[in-house]
Amino acid sequence: MPYDVAIVGLGRVGLPLALSFADRGLRVLGIDNDTERLDTVRAGRMPFRETGTQEVLDRVIGGDGLGFSDRVVDAAQAESIVITLGTPSFSHIEIDMRDIRSALDDLLPVLRAGHALVLRSTIAPGTTDFVAGYLAKHRGFAVGTEVYVAHAPERIAAGRFLEEIVSLPCIVGGVGEESGEVVGRLFEVFGAPIVQTTPVQAELAKIWTNILRYTNFALPNLLMIDCEQYSANVFEVIDLINRDYPRGGIANPGLTAGSCLRKDFAFSEERSNSPGMLLAVSRVNESVPLFLVQGVKRRIGPLTGRKVAVLGLAFKAETDDERDSLSHKLVRLLERELADVAIHDPHVQTPSASLEEAVGNADVVIVATNHPEFCGSEALAEIVDVASPDCLLVDPWNSWGSAQVFAYAAEVPALTGRA
Ligand SMILES: NC(=O)c1ccc[n+]([C@@H]2O[C@H](COP(=O)([O-])OP(=O)(O)OC[C@H]3O[C@@H](n4cnc5c(N)ncnc54)[C@H](O)[C@@H]3O)[C@@H](O)[C@H]2O)c1
């Protein structure tokens, strides 16, 4: 076969994976139906930022080891087919498998004995067995001996792909022992430990990895909202919880979102034994933008015509990924208050104002994303120098180190120790 592996979906997961396989000498076919994206990659440019991947692309582009196609059927030219398509959730609290179903339907007529089909996307428990059943039902394949199907979930954090693909244990949940072995051999090329398990355990392990993070962040977020009710300082309470206490470890609050955290809990919630528990976690995280807007209004009154600077549009620090970012929700809520919103984010593709333009004469400055540029007392001093003298500073992350979610600029010297 002309290719060792086909990667279907060259997004933030699929493209770094395709490049990493090619960089290790495998013949790779990258497939995406977004032809603009394919043109960008063919021209040797990464369509998004992922640390170190531009250098890998520079190394592998133009060689014999990396081909591209916009047709899913071409994946049959490879021994292994890795699906890295998006898996959003419906508002019905249910996985949206339309992209995966569509790719499966394209592949059905061209799959042959010996093919390995790997689901790298995040999927609801039971999906790998569904896919195996789909192949058996529609093509009569004996999955596990004739064709191989496995879930090998992507657990790498955005921005750390190249560092973590070689170190994070690679979970492989094969349908039948042989599927696990075949897919394990494919991923062995990265040198990280391969951990074999069942498909459903691999699915549960991936989504509960994200549920753990989502829930961990909901706790300080709820504490922040409760502290406002009691006029308590959340950062002082967190310090009291964690300081020299062996069973502490609560995180700081912030805007907790992103396309993975916001939807993966729904894959568990769709058939949960404790319906609503994780929805409550989601409700807490989703309510943080409104909590900030209401906190600002409580302090300075109606926002009509007041200038509010929002710092950061990305869903987390040091990424250009804005998908499902709560910053956008914050901006929408502020606009509904008729505020004059100015935005600054040096990382994302959405055009935004310079820091000086955004913050100049602002009545309110909100750190929505804790990018390194917005952290530390120097960054705070720069803002205070140009913002309105009675500006309200809002920093749920404590990125300035002032340990106040809401503080007036006049209080800043005392807060930062700057005279
Ligand atoms: N982004 C992350 O950091 C991350 C981390 C771990 C797991 N995941 C999971 O990995 C999966 C992929 O996530 P992502 O962020 O890379 O998604 P993405 O949206 O960035 O990438 C999906 C790609 O598939 C392409 N595509 C869509 N339909 C197609 C079709 N029918 N044929 C060919 N190409 C098609 C799109 O053009 C896009 O380039 C999801 O299940 C996600 O939950 C993502």
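The values are calculated or read from the model by the stated rules, or taken from the named source; none is laboratory data. It should be emphasised that the depicted structure is a prediction, and the values quoted were computed from it without experimental measurement. Neighbour counts run over all protein chains shown; Cβ positions are idealised from the backbone, glycine included. Only protein heavy atoms, including side chains, enter the accessible area calculation; ligands, DNA and RNA are left aside. Shrake-Rupley method; radii C 1.70, N 1.55, O 1.52, S 1.80 Å.
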If you check Pro88 against the conditions, is it within 10 Å of the ligand (Cβ to nearest atom), open to solvent by less than 40 Å² (accessible area, probe 1.4 Å) and in contact with a Lys or Arg (Cβ under 8 Å, 6 or more places away or on another chain)?
no
Please state which one of Val82, Val41 is within 15 Å of the ligand (Cβ to nearest atom), buried (at least 19 other Cβ atoms within 10 Å of the Cβ), of a type in the set (Val, Ile, Thr) and not in a strand (DSSP E or B).
Val41
Determine which member of the set Asn210, Asn216 is open to solvent by 30 Å² or more (accessible area, probe 1.4 Å), under 30 Å from Pro125 (Cβ atoms) and outside the structural domain of Ser325 (by TED's automatic domain parsing).
Asn216
For residues in segment 354-378 being free of Cβ contacts under 8 Å to residues at least 40 places away in the same chain and under 16 Å from Glu318 (Cα atoms), which is most open to solvent (accessible area, probe 1.4 Å)?
Glu373
Which residue pairs have Cβ atoms closer than 6 Å, lie 6 or more positions apart in sequence or on different chains, and pair a first residue in segment 148-171 that is near the ligand (Cβ under 9 Å from one of its atoms) with a second residue that is among the basic types (Lys, Arg)?
Pro153/Lys206; Glu154/Arg120
Those residues of segment 201-224 which are of a type in the set (D, E, K, R) and within 16 Å of the chain's Cα centre (by Cα) amount to Lys206, Arg213
Out of the residues in segment 62-79 meeting the condition of being more than 12 Å from the ligand (Cβ to nearest atom) and open to solvent by less than 50 Å² (accessible area, probe 1.4 Å), tell me which one is modelled with the lowest pLDDT.
Gly63
